[in-house]
Amino acid sequence: MLFSEPVTEIIRKRFSCRRYIDKPIAEEERGRLSDFLSATGAGPFGTAVRFNLIAATDQARKALKGLGTYGFIKGATGFIVGAVGPSRKNMEDFGYMMETVILFATDMGLGTCWLGGSFTRSSFAKKISATVEEVVPAVTSVGYILKKEQSEVTIRQIVGGHNRRHWGNLFFRETFGIPLSPDEAAPYAVPLEMVRIAPSATNKQPWRIIKDGDYWHFYMQRTRGYGNSLTFKLLNIADLQRVDMGIAMCHFEMTAAELGLKGKWVNKEPKIEKPDTLCEYTASWIGDFL
Ligand SMILES: Cc1cc2nc3c(=O)[nH]c(=O)nc-3n(C[C@H](O)[C@H](O)[C@H](O)COP(=O)(O)O)c2cc1C
């Protein structure tokens, strides 16, 4: 297995760390993390994602401010930069792969924080030599955790980082509107719970999942006023809620694998009526297929 302890423990341990000890990551640890980054391949939809670990210079720290990120990151000694090429589901693949990296770093005892913004034309993109085809939807700060309680309080309170939507708002049975209970979700209650506690941009938690027999249909409920695919294209801003969907898929699949639940992703929208135009289909997990 990839991790030294159950993935459910690592998912529970992860939090957005915004205060770090101002001490460079030890060479051996940097090596382990870099090796992991170089070994990453493609996400579940097949888009390859490339990652680089860069040292957080003063210049890089300052550059963050102008790039649409929120929350003050103090003392980070590294950044993980990721670049992804064009494809219909590239943002989801990016979210999936970057979250895998974050869980690996969490398992190493390092603190991380997702930072979403307009990095594509930034100095961060230069550090990974992003091609004209590629985008850099987000970067992750990384370093030694200054003390969980100190680093968590402010921004986490502002964005409600510790709050999560209840099951009844996220998981449904056969159609939107009929809440799914953990009992009904068995044996997938734990993978769903790991989706529920996942990180998401400004903690909006856009994931909605419908169970229909052996199918688990994943939908994205866009936040009103957060933009749509056209504005993201025009303004060259990453569609972070699609990144959030990839993160949810990562938590769900890794937890299912650990529980020995077999399945696979398919991209075939079912005929289920969506609540509004802000709701978009992402993918479905078929469990127990032979
Ligand atoms: C795609 C994405 C982008 C994010 N961008 C930022 C950011 O720019 N600044 C920041 O401080 N936190 C950022 N976050 C962290 C979220 O605010 C955080 O995950 C959420 O509030 C839940 O808190 P937790 O991660 O501590 O569980 C981002 C998270 C995601 C998934």
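Throughout, read-outs are computed from the coordinates displayed, never taken from laboratory work. Everything numeric in this text was worked out from a predicted model, so none of it was measured. Every residue, glycine among them, receives a Cβ derived from its backbone with ideal geometry; neighbour counts consider all protein chains shown.
Volume per residue for the stretch 167-287 equals 102 cubic angstrom (convex hull of Cα atoms).
The C-alpha radius of gyration of the stretch 7-154, expressed as a fraction of 2.2 N^0.38 Å, stands at 0.98.
For a 23 Å ceiling on Cα separation, which of these pairs sit above it: LYS65/LYS126; LYS204/LYS274; LYS74/LYS127; LYS65/LYS127; LYS13/LYS274; LYS204/LYS262? Correct reply: LYS13/LYS274; LYS204/LYS262. Backbone amide hydrogens, once placed in the peptide plane, bring ARG19 within less than 5 Å of LYS74, LEU146, excluding anything fewer than 5 places away on its chain. Between the stretch 16-56 and the stretch 98-149, what's the alpha-carbon centroid distance in Å? Rounded to whole Å, the Cα centres lie 7 Å apart.
Over its Cα atoms, what ratio of radius of gyration to 2.2 N^0.38 Å does the chain give? Kindly include the intermediate steps, with their values, before the conclusion.
Working: Rg = 18.2 Å, N = 290, 2.2 N^0.38 = 19.0 Å.
Here the Cα radius of gyration is 0.96 times the empirical estimate.
Taking Cα atoms only, the orientation of helix 27-39 departs from the longest principal axis of the chain by about 40 degrees. Backbone phi angles across the stretch 4-10, fed through the Karplus curve with coefficients 6.51, -1.76 and 1.60 (θ = phi - 60°), yield HN-Hα couplings of 8, 9, x, 4, 4, 5, 5 Hz in residue order; Gly and Pro are listed as x. Database remark: amide H of ARG222 closer than 5 angstrom to the amide H of CYS279, GLU280 (H placed geometrically; neighbours at sequence offset of 5 or more, or on other chains; Pro and chain starts carry no H).
A simple spin-label model places the labels of ASP212 and SER87 2.5 nm from each other, with each point 7 Å out along Cα-to-Cβ. Full extension of the chain between LYS268 and ASN169 gives 33.3 nm of extra length, using 0.36 nm per residue less the Cα-Cα distance. Calculated [222 nm] ellipticity per residue, helices only, for the chain: -10500 deg cm²/dmol; basis is -39500 (n - 2.57) per DSSP H run with n ≥ 4, divided by all residues, nearest 500. The label-point distance for HIS162 and ALA48, in a model that sets each label 7 Å from Cα toward Cβ, rounds to 4.4 nm.
Using a 10 Å Cβ count of at most 11 others and DSSP loop calls, identify the longest part of the chain lacking such chymotrypsin sites (Phe, Trp or Tyr not before Pro). Within the chain, the longest run free of exposed chymotrypsin sites (Phe, Trp or Tyr not before Pro) spans 73-288. Between 0 and 90 degrees, the angle of helix 148-158 with respect to the longest Cα principal axis of the chain falls at about 60 degrees.
So for the chain, averaging the separation of alpha carbon pairs under 8 Å that are six or more residues apart and normalising by length, what relative contact order in percent results? Spell out each step's value before the answer.
On the way: 555 pairs, mean separation 59.5, N = 290.
For the chain, the relative contact order is 21 percent.
Once the C-beta distance of LYS23 and PHE72 is scaled by a Förster radius of 22 Å, the resulting FRET efficiency is 0.70 to the nearest 0.05.
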